[in-house]
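Here's the structure, in structure tokens; my notes come after.
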Amino acid sequence: MEEVKSVIQNEFDRSGRYESGLKSLVKSLQWAFRILLAIIIGMVIYFISWGGYFSVEPQQAVIVLRFGKILDTFETGGHWYLPYPINTFIRVQTNQQFINVDFTGTEVKAGEIRDSLEPGRDHYLLTGDANIVHTSWTVGYKISDPERYYSALLTPANPVVNNQVVDDDTFTDADGFEGTRGPQTLLRNLFRQAVIKVTGGFPAEQILSSGQSRYSEAVQREFAASVRAINCGIDIESVVLDRAFPPSKTSNAFAEVTAAGTMQSTLRNQAETYRVETENDTQARCAEIKAAAETYRKETVSTIKAESSYFSSILAEYHNNPRTVLMALYTSTLADAMRKPSEERFVIGTGAKAGRKVWLQLNPEPKVKLNEAAKKEQDAKEK
Amino acid sequence: MANGNFFKHWPTMLLGVIVAAILLVAVFSFQLGQTESAVVTTFGRSGEVNEPGLHFRWPFPFQRVYRFDRRIRCFSGSSGSLEETRTSDGHNILVGIYINYRISNAQAFFVSLETPTKAESQLNSWMRGFKNAAFGQYRFNQIVNTDAKQMKLAEIQQKIKDDLTKQTAGYGIEIVSVGINNIGVPKTISAKVFERMIAECKKVADGYIAEGNREAREIRIKADSDRTQRLAEAEAKAKEIRAQGDGEAAKHYSVFKQNPELAEFLRKLDSLREVMKGRTTLLLDTNTAPFDLLKPGAETLKTVAK
């Protein structure tokens with residue numbers, strides 16, 4: 001300081017008029033230099049300490065570039081490299097990511113029924129039988145090879161942000177996605193192509209009802225194959241068909257088809273019920289017929305056995321006294337028959353030569369009739 | 001004294017050296033990324049650099065560096081995606097296509113097209129032309145068809161790709177793939193498609209009902225037929241069983257041969273018992289025992305008295 005002071009006094013300010021100003025200037029420069037030095041020291045400290053440190057998040061991978069050339073890729077842990085501009089750290093998202101792709105019309109959002117679809121405004125698919133359907137999908141994908149992904153596709157400077165590649169040159173696609181030239185735009189287009197191609201080979205009826213899972217699987221196969229062909233380090237994890245539906249104008253007609261399908265099942269089920277009932281009834285009836293026949297067989301045999309036994313036992317007595325035996329059997333049988341309580345009347349008539357007739361009521365008056373007579377009598381009394 | 005000053009001011013000197021080195025490196029070098037190519041122009045002459053890393057260059061105005069990213073770009077040609085394309089059999093359709101392309105030769109690209117924006121403008125125009133030309137060679141049922149053998153969508157895409165590849169060969173562009181990202185029909189046609197879909201739905205619905213009725217009828221007829229058949233079989237079996245019973249019973253008839261009259265009489269008595277079980281009005285002559293006792297004169301008694 002003293003040296004500077006003497007130089008100023010001897011060389012520039014012999015009169016001493018500017019001494020105070022020069023002193024201030026020198027002091028300012030000294031402070032500026034100190035600040036600059038502190039900044040540089042700070043930068044050096046930062047440079048060799050946490051400026052080059054990074055830790056890899058579980059759902060990310062970090063690619064290290066040295067002067068732009070890929071040096072290494074890390075999927076776990078904390079690492080230190082000399083920072084920018086020597087090394088650059090590129091973070092890539094490696095967990096599962098989802099994109100939604102819709103082939104739907106504005107009518108779906110507005111809830112209207114349109115007589116036709118406006119190209120560019122309404123989005124739809126042409127089916128193999130030249131019909132129109134709408135579908136809505138969710139695609140799950142994963143970056144399995146971050147290095148390949150970064151090298152193959154025009155990722156943003158920060159690839160974790162997928163939607164910003166070329167800010168000044170975007171367009172909006174059917175899903176309202178601001179297209180770029182980057183990975184998500186590519187995936188969307190590949191997916192749209194796969195869906196268009198597969199849908200063009202399926203009839204509408206199958207897409208809307210019976211063949212939905214087959215249709216969805218075919219789209220996934222086609223899409224995964226086209227992504228593999230690009231070889232961009234992306235694996236397709238899932239393709240889910242969220243919705244498949246006909247245009248609103250035709251939805252009633254499709255509902256009728258569904259109802260008719262249900263009706264067909266109902267008719268078939270009713271007939272099946274009839275078949276089962278008939279089968280059961282037939283089974284029972286057959287069993288009944290066979291049982292009756294079996295009973296008949298047993299009864300016939302046992303009856304004839306009993307009769308033959310009875311006959312044998314009577315035959316001996318009959319040889320001794322035929323008339324008495326016959327008469328006894330006959331009268332006994334007749335008496336048994338007559339003794340039975342029933343409503344029937346037995347009219348006993350005399351022989352032709354007898355000259356008079358005898359009518360006998362052998363059985364008592366039935367109880368039912370007696371009761372009816374008593375009731376009538378009571379009614380008459382009440383009246 | 002000089003040496004003393006040098007050691008005294010070494011931090012200042014070091015600072016100066018560092019700053020100067022940084023400035024020199026910044027001015028006389030450029031970094032090229034792994035995914036980039038650069039075109040370096042020296043007074044109008046251009047050269048291509050593809051190797052990633054740090055490269056030397058003369059500062060402006062001696063040399064200029066133009067960088068181009070070589071990675072795949074997905075570009076949807078917006079031009080013509082909403083205009084009608086005519087198929088070979090006269091159907092009007094609307095097709096949107098996209099391409100995946102990359103800059104394969106930065107120097108050729110830079111010389112012919114200069115920037116990606118200008119390149120895409122040119123690509124857009126080519127895509128439109130080749131798309132219309134390709135679709136014009138195929139029938140509508142080769143674009144959508146439930147028969148995979150007749151569907152030629154992949155072939156059409158390949159044709160557009162081939163045409164574009166041929167066209168862009170001298171422009172430093174590589175066409176990686178071409179695809180269709182939108183396909184539709186004009187507004188008026190979509191209305192007609194709806195009408196046809198409704199008519200088809202009705203036909204399908206009627207078909208379902210008719211088929212349901214037919215199936216139900218078939219099931220019922222078969223059930224009835226099975227029933228008749230099984231009952232007939234059961235009756236036949238029953239008949240057989242009954243015949244067996246009768247056969248077994250017949251073995252015991254030989255006993256009755258000892259006295260057929262008595263056997264006949266006993267059978268009649270049994271029959272009488274059976275008949276009398278039901279509602280029967282019986283008219284008997286008084287000559288019939290035991291009612292002959294009721295006859296005038298009681299002839300039977302007389303007989304007994306004698």
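None of the figures in this text is laboratory data; all of them are computed from the coordinates on show. Small disclaimer: the values here were computed from a predicted structure and weren't measured. We place every Cβ from the backbone using ideal geometry, glycine too, and count neighbours over all the protein chains shown.
About its Cα centre, what dipole magnitude does the range B:93-208 give when the only charges are +1 on Lys and Arg Cβ and -1 on Asp and Glu Cβ, stated in debye to the nearest 20?
With only Lys, Arg, Asp and Glu charged at Cβ, the dipole is about 280 debye.
Counting only other chains, what is the mean number of Cβ atoms within 10 angstrom of the Cβ of each residue in peptide B:260-268?
What the average comes to for B:260-268 is 4.
Please work out the ratio of the alpha-carbon Rg of the range B:186-227 to 2.2 N^0.38 Å and round it to two decimals.
It is 1.98.
Mind putting a number on the dipole of the range B:186-227 about its Cα centre? Charges go on the C-beta only, +1 for Lys and Arg and -1 for Asp and Glu, and I need it in Debye to the nearest 20.
200 debye
Where is the GNM fluctuation largest for chain B (alpha-carbon springs, 10 angstrom cutoff): B:Val19, B:Val144, B:Val275?
Checking each option, the largest mean-square fluctuation is seen for B:Val275.
Within 10 Å of each Cβ in A:330-336, how many Cβ atoms from other chains are there, averaged over the peptide?
5
Say each of B:Ser88 and B:Val25 gets a label point 7 Å from the Cα, pointing the same way as Cα to Cβ; how far apart are those two points in nm?
6.4 nm
Say a site is exposed when it is one of the GluC sites (Glu not before Pro), sits in a DSSP loop, and has at most 15 other Cβ atoms within 10 Å; what is then the longest site-free stretch of chain B?
In chain B, the maximal stretch lacking such sites is B:115-306.
Filter the cross-link list A:Lys298/B:Lys251; A:Lys298/B:Lys237; A:Lys298/B:Lys268; A:Lys305/B:Lys257; B:Lys251/B:Lys277 down to pairs whose alpha-carbon distance in this structure exceeds 25 Å.
Over 25 Å apart, Cα to Cα: B:Lys251/B:Lys277.
Pairwise over distinct Cα atoms, reciprocal of the mean inverse distance: report the Kirkwood radius of chain B in Å, one decimal place.
So the Kirkwood estimate lands at 32.0 Å.
Round to the nearest 0.05 the FRET efficiency obtained for B:Lys239 and A:Met327 when R0 = 45 Å and r is the Cβ-Cβ distance.
Efficiency for this residue pair is about 0.65.
Of A:Lys142/B:Lys159; A:Lys197/B:Lys131; A:Lys197/B:Lys192, which pairs sit farther than 27 Å apart, going by alpha carbon to alpha carbon?
Beyond 27 Å: A:Lys142/B:Lys159.
Just need the relative contact order of the range A:174-279 here, percent rounded to a whole number, with Cα pairs under 8 Å and 6+ apart.
19 percent
Just the C-alpha atoms of the range B:73-185: what Rg/Rh do they give, with Rh taken as the Kirkwood radius?
On the Cα set of the range B:73-185, Rg over Rh gives 1.01.
Work out the length of the dipole vector of chain B about its Cα centre, built from +1 on the beta-carbon of each Lys and Arg and -1 on the beta-carbon of each Asp and Glu, and round it to the nearest 20 debye.
Here chain B has a charge dipole of around 400 debye.
For every other residue with a beta carbon closer than 13 angstrom to the beta carbon of B:Ala210, add +1 if it is Lys or Arg and -1 if Asp or Glu, then tell me the sum.
So the environment of B:Ala210 carries a net charge of +1.
Based on the mean of other beta carbon atoms within 10 Å per residue, what is the order of A:285-291, B:161-167, A:87-93, most packed first?
For the peptides A:285-291, B:161-167, A:87-93, the packing ranking is A:87-93, B:161-167, A:285-291.
Rounding to the nearest 10 and keeping the result within 0 to 90°, find how far the Cα-based axis of helix B:153-168 lies from the longest principal axis of chain B.
10 degrees
With springs connecting C-alpha atoms under 10 Å apart, model chain B as a Gaussian network and identify which of B:His252, B:His55, B:His91 has the largest mean-square fluctuation.
Of the options given, B:His252 has the highest mean-square fluctuation.
From Cα pairs below 8 angstrom and at least 6 apart in sequence, can you work out the relative contact order of chain B, rounded to a whole percent?
12 percent
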